[in-house]
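S.K.: Pasting a structure below so you can have a look.
The values are calculated or read from the model by the stated rules, or taken from the named source; none is laboratory data. These numbers were taken from a predicted model, which means no experiment stands behind them. Here the Cβ positions follow ideal geometry from the backbone for every residue, glycine too, while neighbour counts run over all protein chains shown. For accessibility, only protein heavy atoms count, side chains too; no ligands or nucleic acids. Shrake-Rupley method; radii C 1.70, N 1.55, O 1.52, S 1.80 Å.
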There are 4 protein chains.
Amino acid sequence: MKIRLGENCYGKNAVQLSKIIRRPAYHEFRQISVNVSLKGDFEEAHTLGDNAKILPTDTQKNTVYALARDHFKTSIEDFALHLVHHFVTTQPQVSEATVEIAEHAYHRLLLDGAEHPHAYISGGQEKHTTLVRKDAESISVSSGISDLLILKTTDSAFEKYIKDQYTTLKETSDRILATKCTVSWMYDKLPADYSQQFDSIRELLLRTFAGHKSLSVQQTLFAMGRAVLEAHAGVKEISLEMPNKHHIPFNLEQFNIPHENEIFIATDEPYGLISATVLRD
Amino acid sequence: MKIRLGENCYGKNAVQLSKIIRRPAYHEFRQISVNVSLKGDFEEAHTLGDNAKILPTDTQKNTVYALARDHFKTSIEDFALHLVHHFVTTQPQVSEATVEIAEHAYHRLLLDGAEHPHAYISGGQEKHTTLVRKDAESISVSSGISDLLILKTTDSAFEKYIKDQYTTLKETSDRILATKCTVSWMYDKLPADYSQQFDSIRELLLRTFAGHKSLSVQQTLFAMGRAVLEAHAGVKEISLEMPNKHHIPFNLEQFNIPHENEIFIATDEPYGLISATVLRD
Amino acid sequence: MKIRLGENCYGKNAVQLSKIIRRPAYHEFRQISVNVSLKGDFEEAHTLGDNAKILPTDTQKNTVYALARDHFKTSIEDFALHLVHHFVTTQPQVSEATVEIAEHAYHRLLLDGAEHPHAYISGGQEKHTTLVRKDAESISVSSGISDLLILKTTDSAFEKYIKDQYTTLKETSDRILATKCTVSWMYDKLPADYSQQFDSIRELLLRTFAGHKSLSVQQTLFAMGRAVLEAHAGVKEISLEMPNKHHIPFNLEQFNIPHENEIFIATDEPYGLISATVLRD
Amino acid sequence: MKIRLGENCYGKNAVQLSKIIRRPAYHEFRQISVNVSLKGDFEEAHTLGDNAKILPTDTQKNTVYALARDHFKTSIEDFALHLVHHFVTTQPQVSEATVEIAEHAYHRLLLDGAEHPHAYISGGQEKHTTLVRKDAESISVSSGISDLLILKTTDSAFEKYIKDQYTTLKETSDRILATKCTVSWMYDKLPADYSQQFDSIRELLLRTFAGHKSLSVQQTLFAMGRAVLEAHAGVKEISLEMPNKHHIPFNLEQFNIPHENEIFIATDEPYGLISATVLRD
């Protein structure tokens, strides 16, 4: 029985890049984190220590900075597409290149009702993400959102579930539903304007979350995914991960304080994690 | 030479509390982290293990939740004032109580130009903070902001500094100035409306940062502090910590790519840290 | 074209559990983090909000604590096996259960050459991990290590790699090789004693890392994986992720200080990430 | 009423440095994080943006790397002493320099009963720390430990504390006492060998923690501090921060499982925080 190399890849992670695009009326500031990962003919790198087909991860990093000047001008999806194309076409030993980009949100400061031309404030932890993968024949583009922290204070219930000998949870017809959502969707047909698509899908996800009469996280998750597929013919499938950031009612009754479902213990751990993909048949 | 107990305190940290205030037109959602710290007659607790004067930190935590129902209705400063008053007046062995609160920012979702009545999105890592301290004679209130991530893409220079044998930094008349600011100010005269004061001071800090022609972080920091003191007679002093989140120009010239000060390496470490207090004579 | 539910699962994550096993001569202290994840007939939970087949994640958490008393007595693998068996056999709607456990390392304090009977010190961030998955027909067990931070100060080179227009990295025949390794291996034949297997494989990984004359991270990774497969017939395959924690020589020559490859900038980001599976043909 | 600059300082934080000291028999590997902070005549830097007296934080960082070659050969205390001396004596505008260093623990791999000459494994999150401060007249040196995660499974009680209307905690004569301790002590008389002092004090802290029959965290903390002062005449005072990492008994009785104080919920938040200084009269 021979021992051999199986699935393998390598690349540079956490390439932190910022860019100023100096427009006539204002400065556009962008900040991204880039991961590059390559697959290909790396057998002898592993078995013999032969680096002849290894493009160093340091060079991958330099490439990201060098190409950002001319090719990171619009969406992160367009930049990622350029990067995977570069690696696959210039490196014959590379059979597949994957580029992931997360874009940090910044907003121009709003002063006296106008956006300042060059002063920015962070938009928080929420990030616009993309994952682009290319091999000799095909290319796939997915876009998404990470760290989308949303909640609703009502219109969320959780009832009529299984009870067994370890059940202590009480049924509730009115609870806080809070989640730090990760979403990604895959395009069937690559759109002309990724940023416009992103804004539209993000708005629809928020709208659906807000308006849904939730009977469970699962049901709200599915409703959000279905809404996107119904409205966006170019989206093939969408995956959502919804960790349940529990807000547990604090027991005021033990102190003879009347209970009106208003004071909660906000917890991080443990957390329920609900995830699913919604797709077209 | 006798060995003895010096400065000491104890309390509960990271009490995570959320509250829904059900207003006629909408649900107000609030989330805070509370630290309680007590000083007093705790000598024998340390030297003898006598707990007769110890209010357990678990009880302190319960107290925060129990009092939040009736006393966390407006600002975090008002709630902290109530809590320190409670601990100092109900616990004769406590000579000084300190309560710190950080409030997480949440915004009601904006859909079709209107704020949703009960769906929220995180406002990011920036937090409104307060530290209230009370002993038998006096009370002090400071308010502040933590994790305020702001930047400007121009109007920032750093030149004419000391050069020695270890200098490699190049002077620049145009750099990115980015910082994750911590600010706190102390009130001389306690305001009637802390939230209004907070909003006004925060806006002034942002406005000053944006408009300042910066020759150094020190100069911008001082300008921000001075602006607050000039505009707010009730503020006694203000302290700012401004870690410099460096965006270092990437050397494109080594690849014969024309350099226009547009591509940067965004770094977290190491970081410059500038801090100062600005006050009235 | 119909929209439908695809892959989905749900469960409780980050269930933090500690246990004291009171042995005659000493107290054994164990601390673990448990993730439970279930797949099954959850279609109507998503599409209709019907929770009739949903075992709440809160109950899953209670189950972990309740079963730990009688069934977490030896290895985390044995406990995970019991948990997946419990969920699959008691819940007919569950087609597949996955339990991941990470065990925190603690060592009894060594005082006067003897292990203290009940005082412990943390063994650091390194954790023993397992992932056990069961469906109606089969069961799979993998064990592993996370956050294994190891380094060697010599016997590591990186030379003769591809150079292109973006190359700036210098070849080196003597560098620091540092990595925070994640390893997991899958058993073909379930061993009688998982802890003994774990200790033996961990020792072999460390020994191989230490003794290897490394021409690249890839080559060291492969050598480590191969060594385990050669020595452990019951291991089917092994996967290693080796992020390269770069220690970059600081340029002392610019200050006319003789350079002897001794002072380094320790960096976290960006980082090279090398990963591969080694298996039997 | 004039507005003026109060307390201020600036410097470089998180300078990550590693060093190989090539000894005849083995390679000594060291990794440290350094913070530099300067006070002095920086009024006009703040008020006028005049940088004539500013040594850039980038130069401070370079200085740390440059001086490490010849002056980081033994303890972090000795290196910090050299650094503060350098800044105060070469920079006339600096009235006070503070250097903090945290050293990461690494151990040579133990294989076949012998330490490997150049392969290391992390010693975990615990760090040896120092803070050295120098002005024109005086110098102070404190040493310490951070992130010291220790626990004992018995010999810890918490009883006879105050009960009020918000008390729910049950008295216990046998609980887990766990803490992630931060300790620092100040030397009265600077020792010849800081590393020997450190090892001796650390051993005494652990021994006292392990052997103490604890009636409260406060009592154990005081015992640990007193033991160090009694045994080390050169130590002037010692401060300890002991966050209580609660392990809360899981209520098995609700499931009719006999309770033997063996299964616990390990929690991070909220946490009790006990801190005190122990000193000589």
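S.K.: Rounded to the nearest 0.05, what FRET efficiency do residue D:26 and residue C:248 have when you use their Cβ-Cβ distance and R0 = 22 Å? Working shown, then result.
M.R.: Numbers: r = 23 Å, r/R0 = 1.05.
After rounding to 0.05, the efficiency reads 0.45.
S.K.: List the distances, in nm to one decimal, from the label point of residue B:165 to the label points of the same position in every other copy, shortest first, placing each label point 7 Å from Cα along the Cα-to-Cβ direction.
M.R.: 4.2, 7.2, 7.8
S.K.: Next question. Quote the accessible area belonging to residue D:242 in square angstrom, nearest 10, computed with a 1.4 Å probe and with ligands, DNA and RNA left uncounted.
M.R.: 0
S.K.: If you take each beta carbon of peptide D:27-40 and count the beta carbons of other chains within 10 angstrom, what is the mean?
M.R.: Numbers: counts 5, 1, 7, 0, 5, 1, 3, 1, 3, 3, 2, 0, 0, 0.
Across D:27-40, the average partner-chain Cβ count within 10 Å equals 2.
S.K.: Whole number please: convex hull volume per residue of the Cα set in the range D:15-137, in Å³?
M.R.: Working: hull volume 13.8 nm³, N = 123.
Hull volume normalised by residue count: 112 Å³.
S.K.: Could you pull out which residues in the range B:255-281 have an amide N less than 18 Å from a spot 7 Å beyond the Cα of residue D:95, following the Cα-Cβ vector?
M.R.: B:275-281
S.K.: Take the Cα of residue B:200, step 7 Å along the line toward its Cβ, and report every residue of the range B:214-235 whose backbone nitrogen sits under 17 Å from that point.
M.R.: Counting backbone N atoms under 17 Å from the label point, the list is B:225-235.
S.K.: Under a 10 Å cutoff between Cα atoms, tell me which one of C:36, C:183, C:88 has the largest fluctuation in the Gaussian network model of chain C.
M.R.: Answer for the Gaussian network model of chain C: C:88.
S.K.: Moving on. Report the extension gain between residue C:233 and residue C:111 in nm, rounded to one decimal, defined as 0.36 nm multiplied by the number of residues separating them, less their alpha carbon distance. Kindly include the intermediate steps, with their values, before the conclusion.
M.R.: Values: separation 122, 0.36 × 122 = 43.92 nm, distance 3.91 nm.
40.0 nm is the gain from fully extending residue C:233 to residue C:111.
S.K.: So, one more: For the range D:15-137, what % of the accessible area comes from carbon and sulfur atoms, probe 1.4 Å?
M.R.: Working: 2200 of 4550 Å².
Solvent-exposed carbon and sulfur of the range D:15-137 make up 48 percent of the total.
S.K.: Which whole-Hz ³J(HN,Hα) couplings does the range D:219-226 yield from phi under the Karplus relation 6.51 cos²θ - 1.76 cosθ + 1.60, θ = phi - 60°, glycine and proline marked x?
M.R.: Those phi angles translate into 5, 5, 4, 5, 4, 5, x, 5 Hz.
S.K.: Round to the nearest 10 and report in Å² the accessible area of residue A:277, as given by a 1.4 Å probe over the protein chains' heavy atoms.
M.R.: Its accessible surface works out to 20 Å², give or take rounding.
S.K.: Something else about it: Can you tell me which of B:205, B:229, B:67 moves the most in a GNM of chain B? Springs connect C-alpha atoms under 10 Å apart.
M.R.: Looking only at B:205, B:229, B:67, the biggest GNM fluctuation is shown by B:67.
S.K.: Between the range B:40-119 and the range D:63-131, what is the separation of their alpha carbon centroids in Å?
M.R.: 41
S.K.: On to the next question. Work out the mean other chain Cβ neighbour count within 10 Å for the residues of B:95-108 and drop it here as an integer.
M.R.: So the per-residue partner count for this stretch is 1.
S.K.: Leaving out ligands, DNA and RNA but keeping every protein chain, what accessible area does residue A:259 have, in Å² rounded to the nearest 10, with a 1.4 Å probe?
M.R.: Solvent-accessible area, nearest 10 Å²: 80 Å².
S.K.: Shifting gears a bit: Could you tell me how many cubic angstrom of Cα convex hull volume chain B has per residue?
M.R.: About 229 Å³ per residue, rounded to a whole number.
S.K.: Round to the nearest 10 and give me the degree value, 0 to 90, for the angle of helix C:76-90's Cα axis relative to the longest principal axis of chain C.
M.R.: 30
S.K.: Would you mind giving the total buried accessible surface between chains C and D, with a 1.4 Å probe and ligands, DNA and RNA left out, rounded to the nearest 100 Å²? Intermediate results must be reported in sequence, preceding the final value.
M.R.: Details: alone 16700 and 16730 Å², together 28510 Å².
Interface between C and D: roughly 4900 Å².
S.K.: Measuring with a 1.4 Å probe in the full set of protein chains, what accessible area per residue, in whole Å², belongs to chain D? All intermediate terms of the calculation are to be shown ahead of the outcome.
M.R.: Values: 11060 Å² over 281 residues.
I get 39 Å² per residue for this part.
S.K.: If I compute solvent accessible area with a 1.4 Å probe over the protein chains, what percent of it on the range B:148-279 is carbon and sulfur? Working shown, then result.
M.R.: Values: 2600 of 5360 Å².
Carbon and sulfur atoms account for 49 percent of the accessible area of the range B:148-279.
S.K.: Also: Can you find, among C:88, C:51, C:107, the residue sitting farthest towards the positive end of the charge dipole of the range C:15-137, where Lys and Arg contribute +1 and Asp and Glu -1 at Cβ?
M.R.: Going by the charge dipole, the pick is C:107.
S.K.: Given H placed on each backbone N at 1.01 Å, which residues far from residue A:125 in sequence or on other chains put an amide H within less than 5 Å of it?
M.R.: Result for residue A:125 returns B:124, B:125.
S.K.: Also, I was wondering about something else. Given contacts defined as C-alpha pairs under 8 Å and at least six residues apart, what's the relative contact order of chain B, whole-number percent? Working shown, then result.
M.R.: On the way: 520 pairs, mean separation 34.4, N = 281.
Answer for chain B is 12 percent.
S.K.: Taking loop as defined by DSSP and a crowding limit of 15 other beta carbons within 10 Å, which trypsin sites (Lys or Arg not before Pro) in the range D:51-103 fit? Spell out each step's value before the answer.
M.R.: Details: sites: D:53, D:61, D:69, D:73; in loops: D:53, D:73.
Those satisfying the criteria are D:73.
S.K.: Here's a follow-up. Which pairs break 26 Å Cα to Cα here: C:73/C:134; C:12/D:152; B:12/B:134? List each step's numbers first, then the result.
M.R.: Values: C:73/C:134 21 Å; C:12/D:152 29 Å; B:12/B:134 17 Å.
In this structure, C:12/D:152 lie more than 26 Å apart at Cα.
S.K.: Something else now. Which shape class, rounded, prolate or oblate, goes with the protein assembly as shown when its Cα gyration tensor gives a ≥ b ≥ c as root eigenvalues, a/c under 1.5 marks rounded, and past that a/b bigger than b/c marks prolate? Intermediate results must be reported in sequence, preceding the final value.
M.R.: On the way: a/c = 1.11, a/b = 1.03, b/c = 1.07.
Rounded.
S.K.: To continue, here is another question. Express the Stokes-Einstein translational diffusion coefficient of the range D:148-279 in µm² s⁻¹, to the nearest whole number, given a Kirkwood radius over alpha-carbon pairs, 20 °C and a viscosity of 1.002 mPa s.
M.R.: Numbers: Rh = 16.4 Å.
Estimated via Stokes-Einstein, D reaches 131 µm²/s.
S.K.: Sticking with this structure for a sec: At a 1.4 Å probe, which residues in the range C:163-180 are at least 40 Å² less accessible with all protein chains present than in their chain isolated?
M.R.: By number: C:164, C:166, C:168, C:169.
S.K.: Now for a separate question. Going through the cross-link list A:245/B:39; C:213/C:245; B:53/D:170, which pairs have a Cα-Cα distance over 26 Å in this structure?
M.R.: Numbers: A:245/B:39 34 Å; C:213/C:245 18 Å; B:53/D:170 17 Å.
With Cα atoms farther than 26 Å apart: A:245/B:39.
S.K.: With axes computed from alpha carbons, what is the tilt in degrees of helix C:57-71 against the longest principal axis of chain C, rounded to the nearest 10 within 0 to 90?
M.R.: Between the helix axis and the principal axis of chain C, the angle is about 80 degrees.
S.K.: Also, I was wondering about something else. Counting partner chain Cβ atoms within 10 Å of every residue's Cβ in A:143-156, what's the average? If you can, show how the numbers build up before the last one.
M.R.: Values: counts 0, 0, 0, 0, 2, 2, 7, 6, 10, 8, 13, 6, 3, 1.
Rounded to a whole number, the mean comes out at 4.
S.K.: What list of ³J(HN,Hα) couplings, whole Hz, do you get for the range C:138-150 from phi and the Karplus terms 6.51, -1.76, 1.60, once you set θ to phi - 60° and write x for glycine and proline?
M.R.: 3J(HN,Hα) across the range C:138-150, in whole Hz: 9, 9, 10, 10, 10, 10, x, 9, 10, 6, 8, 8, 10.
S.K.: Given the alpha-carbon gyration tensor of the range D:120-208, what are the semi-axes of its equivalent ellipsoid in whole angstrom, ordered largest first, with each equal to the square root of 5 times an eigenvalue? Numbers along the way, then the final one.
M.R.: Values: eigenvalues 250, 68, 30 Å².
In descending order, the three semi-axes are 35, 18, 12 Å.
S.K.: Distance in nm between label sites at residue B:164 and residue C:85, each 7 Å beyond Cα in the beta-carbon direction?
M.R.: Between residue B:164 and residue C:85, the simple spin-label model gives 6.9 nm.
S.K.: Per residue of the range D:271-281, in order, report the coupling 6.51 cos²θ - 1.76 cosθ + 1.60 (Karplus, θ = phi - 60°) as ³J(HN,Hα) in whole Hz, putting x for Gly and Pro.
M.R.: 9, x, 10, 10, 9, 7, 10, 10, 8, 9, 6
S.K.: For residue A:257, which sequence-distant residues (separation of 5 or more, or a different chain) have an amide H within less than 5 Å of its own amide H, given hydrogens modelled in the peptide plane?
M.R.: none
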